[in-house]
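The structure appears right after this line, and notes come after that.
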Amino acid sequence: MPARTIDGKAVAAAIRVELSNEVAKLRASGVVPRLAVLLVGEDAASRSYVTAKERAAAETGIQADIHRIDGSGDPRDVEEQVGTLIDGLNADPAVHGMILQLPLPEGVNADGLLQRIDPRKDVDALHPENQGRIVIGQARFYPATPHGVQQLLVRCGADPGGKHVVIVGRSRLVGLSLAAMLVQKRAGANATVTVCHTGTPDLGAVTRQADILIAAAGQPQLITAGMVRPGAVVIDVGVNRVDDATRKRGYRLVGDVDFDGVSTVAEAITPVPGGVGPMTVTMLLSNVARAARMHRSAGAHGN
Ligand SMILES: NC(=O)c1ccc[n+]([C@@H]2O[C@H](COP(=O)([O-])OP(=O)(O)OC[C@H]3O[C@@H](n4cnc5c(N)ncnc54)[C@H](OP(=O)(O)O)[C@@H]3O)[C@@H](O)[C@H]2O)c1
């Protein structure tokens, strides 16, 4: 029997209904959740991601302001300009969340700028303070993509509790944060977690042990049927462009998993597109609402 397809669009839509209700309550109490998006330079993919965030924010009642910075000058001047903008947004009580869209132009130090964002407004959860809090089980925010993966699992009948989860990829943005989240002793986590990377000698030998296999390597169709244990749940985070002359735009998007092959072995699988992608934007917006709520509570306590 072919694998059940996990519909990320449907799960994201359900979460957005919950989120819209929460935002409506915040607005009724006089708080308009507000996100500042810093877009530096002219990266085409970044521009389209930012447009998607702006549209999704508007749908849920969140105010999103896009700050465009020309990234073509000397990298140090660009850093100074972005840093000054971050300082201003940090100081603005009407702004609850801030994201610096990555990648930045060549030579601009992303780490330095990410660390300049007030951790209480860091809704991408990339500030070292927020990363550290995830590791010690005291998260303020979860990064959007790992949180989207975790919610997909929980809401689609594949709770990670007690399961062996194998993650392929150890980036701060996805693999490492997800491992830190799923290993915690709490509901919706409590998994035995193995993390693979390019230093893993026999990848298939490890991935075949997974009850839940999560691919976040950025390698088109890296995971094939022979690397998956029959009955496993497979989550494909990868988004890769491959040339396709039959498409008008000259390429198509594929994941890190060979969907057709793995579907013959797995119990459930996410498609690309339509799996993890729609969850990412939704969980980012959920962090903005959370930041607005925390800001309101801090105000109520005179902080
Ligand atoms: N759907 C979404 O919303 C969403 C969001 C974020 C990212 N993504 C996609 O997810 C993928 C991963 O993103 P990322 O930012 O985490 O990428 P990244 O920073 O490039 O990290 C990739 C990780 O995969 C590991 N890796 C690469 N090739 C491998 C191989 N052949 N065998 C084992 N491990 C391998 C790397 O190992 P080393 O550490 O040893 O180099 C690294 O840890 C990309 O396709 C990206 O576009 C999707």
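The values are calculated or read from the model by the stated rules, or taken from the named source; none is laboratory data. The structure displayed is predicted, hence computed values, not measured ones. Note that each Cβ is placed from the backbone with ideal geometry, even for glycine, and that neighbours are counted across all protein chains shown. Please note that ligands, DNA and RNA were not included when accessible areas were found on the heavy atoms of the full protein model with its side chains. Shrake-Rupley method; radii C 1.70, N 1.55, O 1.52, S 1.80 Å.
As an exercise: evaluate ASP236 against (1) among the charged types (D, E, K, R); (2) in contact with a strand residue (DSSP E or B) (Cβ under 9 Å, 6 or more places away or on another chain); (3) free of Cβ contacts under 8 Å to residues at least 12 places away in the same chain and give the number of the one condition it does not meet.
(3)
Scanning for something outside any loop (DSSP other than H, G, I, E, B), within 16 Å of the ligand (Cβ to nearest atom) and buried (at least 22 other Cβ atoms within 10 Å of the Cβ), does region 248-260 turn up at least one residue?
yes
Sort out which residues of region 261-276 are within 14 Å of the ligand (Cβ to nearest atom) and part of a loop (DSSP other than H, G, I, E, B), and write them in order of number.
THR270, PRO271, VAL272, PRO273, GLY274, GLY275
Consider only pairs whose beta carbons are under 6 Å apart and that are at least six residues apart or on different chains; among these, list those whose first residue lies in region 77-92 and is of a type outside the set (A, V, I, L, M) and whose second residue is in a helix (DSSP H, G or I).
GLY83/ARG116
Of the residues VAL95, VAL82, which single one is out of contact with any Asp or Glu (no Cβ under 6 Å at 6 or more places or on another chain), in a helix (DSSP H, G or I) and among the hydrophobic types (A, V, I, L, M, F, W, C)?
Only one candidate passes the filter, namely VAL82.
Out of everything in region 99-128 that is within 13 Å of PRO143 (Cα to Cα) and without any contact (Cβ under 8 Å) to a residue 24 or more places away in the chain, what residue ends up being most open to solvent (accessible area, probe 1.4 Å)?
The residue in question is PRO128.
Quick one: in region 153-175, which of the residues that are assigned to a loop (DSSP other than H, G, I, E, B) and over 23 Å from ILE15 (Cα atoms) is farthest from the ligand (Cβ to nearest atom)?
Top of the filtered list is GLY162.
Can you find a residue in region 25-43 that is within 19 Å of the chain's Cα centre (by Cα) and exposed (fewer than 14 other Cβ atoms within 10 Å of the Cβ)?
no
Check ALA268, ALA225, ALA298 and return the single one that is open to solvent by less than 10 Å² (accessible area, probe 1.4 Å) and either small (Gly, Ala, Ser) or within 18 Å of ASP7 (Cβ to Cβ) (or both).
Residue meeting the stated conditions: ALA268.
Within region 207-221, can one find any residue that is surrounded by fewer than 21 Cβ atoms within 10 Å (Cβ to Cβ) and of a type in the set (A, V, I, L, M)?
Taking every residue of region 207-221 in turn, none turns out to be surrounded by fewer than 21 Cβ atoms within 10 Å (Cβ to Cβ) and of a type in the set (A, V, I, L, M).
Take the conditions assigned to a strand (DSSP E or B), surrounded by fewer than 24 Cβ atoms within 10 Å (Cβ to Cβ) and of a type in the set (Lys, Arg) and apply them to ARG241. Does it pass?
yes
If I ask for residues that are β-branched (Val, Ile, Thr) and open to solvent by 50 Å² or more (accessible area, probe 1.4 Å), which ones from region 78-98 would you list?
Within region 78-98, THR84 is the sole residue that qualifies.
What residue, among those in region 176-214 that are in a helix (DSSP H, G or I), over 20 Å from the mean Cα position of the chain (by Cα) and more than 9 Å from the ligand (Cβ to nearest atom), is nearest to ILE235 (Cα to Cα)?
Residue satisfying both the conditions and the ranking: THR207.
Within region 163-206, which residues are at positive phi and open to solvent by 70 Å² or more (accessible area, probe 1.4 Å)?
If the condition is that a residue be at positive phi and open to solvent by 70 Å² or more (accessible area, probe 1.4 Å), then ASN190 is the only one that fits.
Can you name every residue in region 57-77 that is at pLDDT 95 or above, open to solvent by less than 60 Å² (accessible area, probe 1.4 Å) and under 25 Å from the mean Cα position of the chain (by Cα)?
Correct list: ALA57, THR60, GLY61, ILE62, ALA64, ASP65, ILE66, HIS67, ILE69.
With MET279, MET294 as the choices, which residue is assigned to a helix (DSSP H, G or I) and touching a Ser or Thr at 6+ places or on another chain (Cβ under 9 Å)?
Checking each option against the conditions leaves just MET279.
Among the residues in region 54-77, are any more than 20 Å from ARG293 (Cβ to Cβ), assigned to a helix (DSSP H, G or I) and touching a helix residue (DSSP H, G or I) at 6+ places or on another chain (Cβ under 6 Å)?
no
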